[in-house]
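Q: I have a structure here, written as structure tokens, and I will follow up with some questions on it.
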Amino acid sequence: MQIVIKPSQQEELDFIFKSGLFKAKLQAHEVVDWRIRKRSLDARKTNIKLNLHLEFWKKGEEREKVSAWKAKEIDPSKRIAIIGAGPAGLYAALRALEAGLMPIVFERGKDVRARRRDLAAINKEQLVNSESNYCFGEGGAGTYSDGKLYTRSKKRGNVLKALEWLVHFGAQEDILVDAHPHIGTNKLPAIITAMREAIIAAGGEVHFNAKLTDIQLENGALSGLQINEGNWQPFKEVVLATGHSARDIFYLLHKRGVLIKAKAFALGVRAEHPQELIDQIQYHGDTDNPYLPPASYALVEQVNGLGVYSFCMCPGGIIAPCATEQNEVVTNGWSPSKRNNPYANSGIVVSVAPEDLPNFTPNDPFVCLDFQKKVEQDCWEAAGKTQKVPAQRMIDFVTGTLSKDFPKTSYQPGITSVNLSEVLPPLISKRLKKAFKIFGQKMKGYYTNEAVLHAPESRTSSPISIPRDPESLEHIEIRGIYPCGEGAGYAGGIISAAIDGINCVDAIAKKLEMSAKN
Ligand SMILES: Cc1cc2nc3c(=O)[nH]c(=O)nc-3n(C[C@H](O)[C@H](O)[C@H](O)COP(=O)(O)OP(=O)(O)OC[C@H]3O[C@@H](n4cnc5c(N)ncnc54)[C@H](O)[C@@H]3O)c2cc1C
């Protein structure tokens with residue numbers, strides 16, 4: 001049952017319940033339970049509305065249970081390796097325990113607590129630890145992310161399960177209701193810690209500072225893994241969930257003859273506006289309404305044959321330094337649960353396919369990765385070889401004027417004034433220039449010199465895919481390797497990576513069950 005209310009009425013539960021009953025033509029005594037199933041804000045017109053989808057249970061009907069996570073007794077002979085403790089790896093481990101398999105997780109980075117010190121070092125001392133940073137460490141790139149939980153994944157049951165497990169491990173139930181659920185960077189570490197503790201308590205293993213350094217293959221199948229260049233450990237199944245920044249894994253697979261392919265990805269800049277300005281635009285000037293959350297936006301346009309779009313918009317957010325090596329710079333964004341910073345940032349990126357790139361040759365798996373790496377290194381050099389990033393005001397960028405000064409930025413390591421057209425490839429900069437003007441027509445006030453562009457936004461998705469069989473989810477040529485999550489090209493965000501982790505383990509469980517029967 002759908003009802004429409006004013007945002008100021010959202011806490012009036014009695015009013016909401018009665019409005020729903022009226023619309024459903026039900027009497028209160030006929031109903032045993034009810035809930036708000038979905039909540040979404042509609043700010044397209046000046047009369048801003050909140051759409052609520054309500055669910056009622058009548059006498060004799062039972063409300064379905066939240067799918068909580070539950071471990072089975074494990075069979076230690078069924079050991080599977082999981083490389084990476086990001087959303088894909090953690091969900092794979094949790095699912096393995098539900099299926100009675102024994103997950104052994106190897107994570108190159110540190111646990112969430114210890115990781116904080118390395119993040120502080122990037123922000124304050126310009127030092128990047130290549131094993132522990134915003135991308136590497138417990139919880140993966142998801143830990144110090146925004147925790148926006150929307151996904152384009154179509155299977156609602158799967159999405160709900162992934163969200164319900166987050167609630168099981170400590171997230172607020174609101175994420176099950178909001179159309180655009182969001183957890184916030186401040187809340188994610190405790191949830192991830194709870195997941196790890198549950199994995200260990202149920203008999204799984206989680207090893208930190210444990211980096212996959214080599215793989216052993218025999219007759220087209222996995223036979224062993226080497227961690228930190230140590231002794232070979234026998235494994236027949238590995239979930240490879242190392243994320244989009246583990247370049248050494250792509251090089252390793254290529255060296256060992258495991259097929260990988262170049263994949264389309266997107267690259268551009270991170271634009272930062274005052275949040276108040278975005279609120280004014282999106283809420284038609286109604287910026288004092290305490291019932292409206294900091295506004296977000298989504299923009300997309302085709303420019304000269306390539307898509308230019310906003311990516312990972314963070315209302316009330318912070319721009320984060322996400323490099324994984326000292327000689328590169330990378331931006332991304334996060335926000336705390338309250339989204340109460342005065343900045344609104346978003347990636348504005350151009351989508352590029354391998355064949356769009358100047359150095360394209362068929363069968364070169366590294367054409368996109370090389371392009372991405374060069375832009376990151378060029379930006380590092382242009383901004384002074386620290387973690388400062390090259391920056392330019394929006395209109396200055398479009399008109400080719402070096403910015404003389406800047407408003408305050410949320411990017412902690414700092415910014416250097418650079419003409420971004422001189423550091424970004426023309427393929428990208430020319431399209432961005434056109435797109436900003438068009439975006440300014442779509443959102444009046446967006447195209448402004450109050451906005452500062454920080455470069456580059458380059459880790460939007462993996463520049464490489466690791467091909468797998470759509471049924472068995474095993475690598476198309478090597479048995480026992482399960483390419484998983486964002487790094488392998490099968491996810492684009494926390495929830496889709498988590499779902500992919502579950503799917504890979506289900507495929508392993510099915511294979512083990514079949515081979516036990518034969
Ligand atoms: C700042 C920031 C903000 C973001 N905001 C959002 C958001 O709001 N919503 C959203 O949905 N997504 C967001 N993302 C993207 C999201 O975090 C990723 O899509 C998601 O984490 C991918 O999950 P994954 O498990 O596939 O890989 P990852 O999270 O990248 O995890 C891979 C893990 O593998 C480990 N690893 C790599 N190589 C090795 C090795 N050789 N041996 C052992 N371990 C290894 C890494 O240390 C890492 O922990 C954000 C990302 C960043 C960086």
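Q: Scan the range 54-83 for residues that are within 27 Å of the chain's Cα centre (by Cα) and either in a strand (DSSP E or B) or within 16 Å of the ligand (Cβ to nearest atom) (or both) and jot them down.
A: Ile80, Ala81, Ile82, Ile83
Q: I'm trying to understand the selection: among the residues of the range 473-494, which are surrounded by 24 or more Cβ atoms within 10 Å (Cβ to Cβ) and within 6 Å of the ligand (Cβ to nearest atom)?
A: Gly485, Glu486, Gly487, Ala491, Ile494
Q: Kindly evaluate Val389 against the criterion of being under 30 Å from Ala246 (Cα atoms), open to solvent by less than 10 Å² (accessible area, probe 1.4 Å) and of a type in the set (A, V, I, L, M, F, W, C).
A: yes
Q: Same structure again: Would you call Tyr150 open to solvent by 10 Å² or more (accessible area, probe 1.4 Å), within 7 Å of the ligand (Cβ to nearest atom) and outside any helix (DSSP H, G or I)?
A: It is false that Tyr150 is open to solvent by 10 Å² or more (accessible area, probe 1.4 Å), within 7 Å of the ligand (Cβ to nearest atom) and outside any helix (DSSP H, G or I).
Q: If you go through the range 102-117 one residue at a time, do you hit one that is in contact with a Cys (Cβ under 6 Å, 6 or more places away or on another chain), assigned to a helix (DSSP H, G or I) and within 14 Å of the ligand (Cβ to nearest atom)?
A: So far as the range 102-117 goes, no, none of its residues is in contact with a Cys (Cβ under 6 Å, 6 or more places away or on another chain), assigned to a helix (DSSP H, G or I) and within 14 Å of the ligand (Cβ to nearest atom).
Q: Taking the options Ser296, Ser310, name whichever one is small (Gly, Ala, Ser) and part of a loop (DSSP other than H, G, I, E, B).
A: Result: Ser296 is the single residue among Ser296, Ser310 that is small (Gly, Ala, Ser) and part of a loop (DSSP other than H, G, I, E, B).
Q: May I pose another question? Quick check on my filter: what residues within the range 222-250 are in a strand (DSSP E or B) and loosely packed, with under 14 Cβ neighbours inside 10 Å?
A: Matches in the range 222-250: Trp232, Pro234.
Q: May I pose another question? Pairs only if they're at least six apart or on different chains, beta carbon under 6 angstrom, first in the range 315-333 and more than 11 Å from the ligand (Cβ to nearest atom) and small (Gly, Ala, Ser), second open to solvent by 10 Å² or more (accessible area, probe 1.4 Å) and assigned to a loop (DSSP other than H, G, I, E, B); list them, first residue then second.
A: Gly316/Pro294; Gly316/Arg339; Gly316/Asn340; Gly316/Asn341
Q: Which of (1) closer than 30 Å to Lys385 by Cα; (2) more than 15 Å from the ligand (Cβ to nearest atom) does Glu138 not meet, given it meets every other one?
A: For Glu138, the failing item is (2).
Q: Follow-up question, since we're still on this one. Any idea which of Glu486, Glu477 is part of a helix (DSSP H, G or I) and out of contact with any Phe, Trp or Tyr (no Cβ under 9 Å at 6 or more places or on another chain)?
A: Glu486
Q: Can I ask one more? Would you check if Leu212 is farther than 17 Å from Asp500 by Cβ, in contact (Cβ under 8 Å) with a residue 24 or more places away in the chain, crowded, with 20+ Cβ neighbours inside 10 Å and under 13 Å from the mean Cα position of the chain (by Cα)?
A: no
Q: Inspect all residues belonging to the range 457-471 and state whether any of them is assigned to a helix (DSSP H, G or I), within 13 Å of the ligand (Cβ to nearest atom) and either aliphatic (A, V, I, L, M) or over 28 Å from Gln302 (Cβ atoms) (or both).
A: Among the residues of the range 457-471, not one is assigned to a helix (DSSP H, G or I), within 13 Å of the ligand (Cβ to nearest atom) and either aliphatic (A, V, I, L, M) or over 28 Å from Gln302 (Cβ atoms) (or both), which makes the answer no.
Q: List the number of the failed condition for Gly285; all other conditions in (1) more than 30 Å from Glu301 (Cα to Cα); (2) loosely packed, with under 15 Cβ neighbours inside 10 Å hold.
A: (1)
The values are calculated or read from the model by the stated rules, or taken from the named source; none is laboratory data. Bear in mind the structure is a predicted one, so any value in this text is a computation, not a measurement. Reconstructed Cβ throughout: ideal geometry from the backbone, glycine too, with neighbour counts over all protein chains shown. The protein model used for the area step is the full one, side chains on, heavy atoms only, and it has no ligands, DNA or RNA in it. Shrake-Rupley method; radii C 1.70, N 1.55, O 1.52, S 1.80 Å.
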